[in-house]
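To start, the structure under review is shown below, and the notes come after it.
The values are calculated or read from the model by the stated rules, or taken from the named source; none is laboratory data. Just so it is clear, the structure is predicted and the values come from calculations on it, not from any experiment. Cβ placement follows ideal geometry from the backbone for every residue including glycine, while neighbour counts extend to all protein chains displayed.
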Amino acid sequence: MKILYITSDSGWGGSSVALFNIIENLCTLNKIIVFLPNKTGTLGQRLNKLGVTCIDSPFGINCYPHLALSISSLKSIWFFLKSFYYIPKAKAKLEQVIKSFKPDIVHQNVGPLNLSLGICQKYNIPHVWHLREYQELMGMHFFPTTSVFRKSIFSKNNYNVAITNDIFKFYNLRNGIDTVIYDGVIPNGVFAHKCSKEKYFLYVGRIQDVKGVMDILIAFKDFHRLYPEYRLLLAGNWDTSLDFKKKCDEFIAVSQISSCVDFLGQRTDIYKLMSKAQALIVASKFEGFGFISVEAMFNYCYVIGRNTGGIKEQFDKGLEAFGSEIGFRFEDVKGLVHAMTLVVNEYSEEMLNNAKNIVDSNYTSKVCAENIMNFYDKILKGR
């Protein structure tokens, strides 16, 4: 099969990792081309090692910035204007690639991007749209309007993949036409870390308000009064908004917890950090899938997760399979403090093992790639 993938992320974010894991499993038996903004980025470099052809042309997502969030950061506004300028040129180049390659399937890897659907309709090629985000709930406003986006995903020749049942419901996708396929988080040949626990809680991800970082800091302040020997480690880069960093710094100083809160920056030893942590905390207000929570469970690390979106779905899957929880749910700051207290007082080897089993049976790259390939076959057979 000839497959053309399109992605707006040339780096190594969650959508890029998920795409790479799919391609790694499919590239041996299929002919694949990836169209992306910059083939010299991390994703392009890794695909090149697989022998996968990458073609680049600058472009960005079809979203305009939320002014209330971006007024202090001209960078996001500049990014939008630059993307708007480049998209017509990228579409022209993409059309040439499609005419030359003649793919059986064109697969767009992210939701807030509409680069390929019109071209696929012109040449009657099946188009797959991978929906990973809640978009407007996360301050991502599709250009020109959200209603245009929602109408586009139900267009002729388009088939949608949602990464969770919750996102499937959020967009009111079509049973029998669209599907749910969980991301393949754990790549082939990767082994879990299992270590003795140290006295710290861990957050991994971008340091921004929508990820619930302030809720984590508030909860840790209250938890620290009861258990002063524990630390909070936050691994990831800061959001571009300086206002949020200032807000966090001021809260930490006033709360007198600066000696036990460490911002680690971007790390390459995340699995090791997870395996030694008391728990990973996922406090995102709208978590599409929960990539990082799956990695934590794979490495025998408790997950304390806000009971929403992809995290809730992962926990529900464990509850359905084993009749008991595979993580600690919370709804608010008070619940987060309670969950942290439970973690340090109620160690359960069974919970850790059950969580690892859920990951192995649902969230590996091999399982995801098989489901993606089956979806392609179904689409082509139905034409």
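Can you name every residue in segment 166-203 that is under 16 Å from the mean Cα position of the chain (by Cα) and surrounded by fewer than 17 Cβ atoms within 10 Å (Cβ to Cβ)? Across segment 166-203, the qualifying residue is only Pro187. For the subset of segment 297-337 comprising residues that are surrounded by fewer than 17 Cβ atoms within 10 Å (Cβ to Cβ) and over 25 Å from the mean Cα position of the chain (by Cα), which member is farthest from Lys276 (Cα to Cα)? Among those residues, the one meeting the criterion is Gly323.
Taking (1) of a type in the set (D, E, K, R); (2) over 26 Å from Asn357 (Cα atoms); (3) in a helix (DSSP H, G or I) in turn, Glu295 satisfies each apart from (2).
Taking the criterion of being surrounded by 15 or more Cβ atoms within 10 Å (Cβ to Cβ) and of a type outside the set (Gly, Ala, Ser), the residues of segment 343-356 that qualify are Val343, Val344, Met351, Leu352, Asn354, Lys356.
When each of Lys285, Lys272 is tested for being part of a loop (DSSP other than H, G, I, E, B) and charged (D, E, K, R), the lone residue that passes is Lys285. Just a yes or no: is a residue in segment 55-62 modelled with pLDDT of 95 or more, part of a strand (DSSP E or B) and not basic (Lys, Arg)? Yes, segment 55-62 contains a residue that is modelled with pLDDT of 95 or more, part of a strand (DSSP E or B) and not basic (Lys, Arg). What do you reckon, is Ala283 free of Cβ contacts under 8 Å to residues at least 60 places away in the same chain, hydrophobic (A, V, I, L, M, F, W, C) and at negative phi? The answer is no for Ala283.
In segment 11-26, the qualifying residues are those that are among the small types (Gly, Ala, Ser) and crowded, with 21+ Cβ neighbours inside 10 Å, and the one that is nearest to the chain's Cα centre (by Cα) is Ser15.
Ser293: without any contact (Cβ under 8 Å) to a residue 40 or more places away in the chain, within 22 Å of Glu133 (Cβ to Cβ) and among the polar types (S, T, N, Q), yes or no? In short, yes.
The single condition among (1) closer than 30 Å to Gly335 by Cβ; (2) crowded, with 20+ Cβ neighbours inside 10 Å that Arg206 does not meet is (2). When segment 40-59 is limited to residues that are over 21 Å from the mean Cα position of the chain (by Cα) and farther than 20 Å from Pro187 by Cα, the one that is surrounded by the fewest Cβ atoms within 10 Å (Cβ to Cβ) turns out to be Thr40.
Summed over segment 338-383, residues that are farther than 19 Å from Lys197 by Cα and either in a helix (DSSP H, G or I) or in contact with a Cys (Cβ under 6 Å, 6 or more places away or on another chain) (or both) total 24. Among the residues in segment 315-324, are any hydroxyl-bearing (Ser, Thr, Tyr), in a loop (DSSP other than H, G, I, E, B) and under 29 Å from Pro112 (Cβ atoms)? Looking through segment 315-324, none of the residues is hydroxyl-bearing (Ser, Thr, Tyr), in a loop (DSSP other than H, G, I, E, B) and under 29 Å from Pro112 (Cβ atoms).
Can we say Phe20 is at pLDDT below 95, assigned by TED's automatic domain parsing to the domain that holds Trp129 and of a type in the set (A, V, I, L, M, F, W, C)? Considered against the rule, which asks whether it is at pLDDT below 95, assigned by TED's automatic domain parsing to the domain that holds Trp129 and of a type in the set (A, V, I, L, M, F, W, C), Phe20 comes out as no. Examine segment 261-268 for a residue that is within 22 Å of Asp209 (Cβ to Cβ) and in contact with a helix residue (DSSP H, G or I) (Cβ under 7 Å, 6 or more places away or on another chain), and state whether such a residue exists. There is at least one residue in segment 261-268 that is within 22 Å of Asp209 (Cβ to Cβ) and in contact with a helix residue (DSSP H, G or I) (Cβ under 7 Å, 6 or more places away or on another chain). Tell me whether segment 312-328 contains one or more residues that are within 21 Å of Lys199 (Cβ to Cβ), touching a residue at least 12 places away in the same chain (Cβ under 8 Å) and not polar (S, T, N, Q). Taking every residue of segment 312-328 in turn, at least one turns out to be within 21 Å of Lys199 (Cβ to Cβ), touching a residue at least 12 places away in the same chain (Cβ under 8 Å) and not polar (S, T, N, Q).
Considered as a group, the residues in segment 242-263 that are surrounded by 15 or more Cβ atoms within 10 Å (Cβ to Cβ) and among the hydrophobic types (A, V, I, L, M, F, W, C) include one that is modelled with the lowest pLDDT, and that residue is Phe244.
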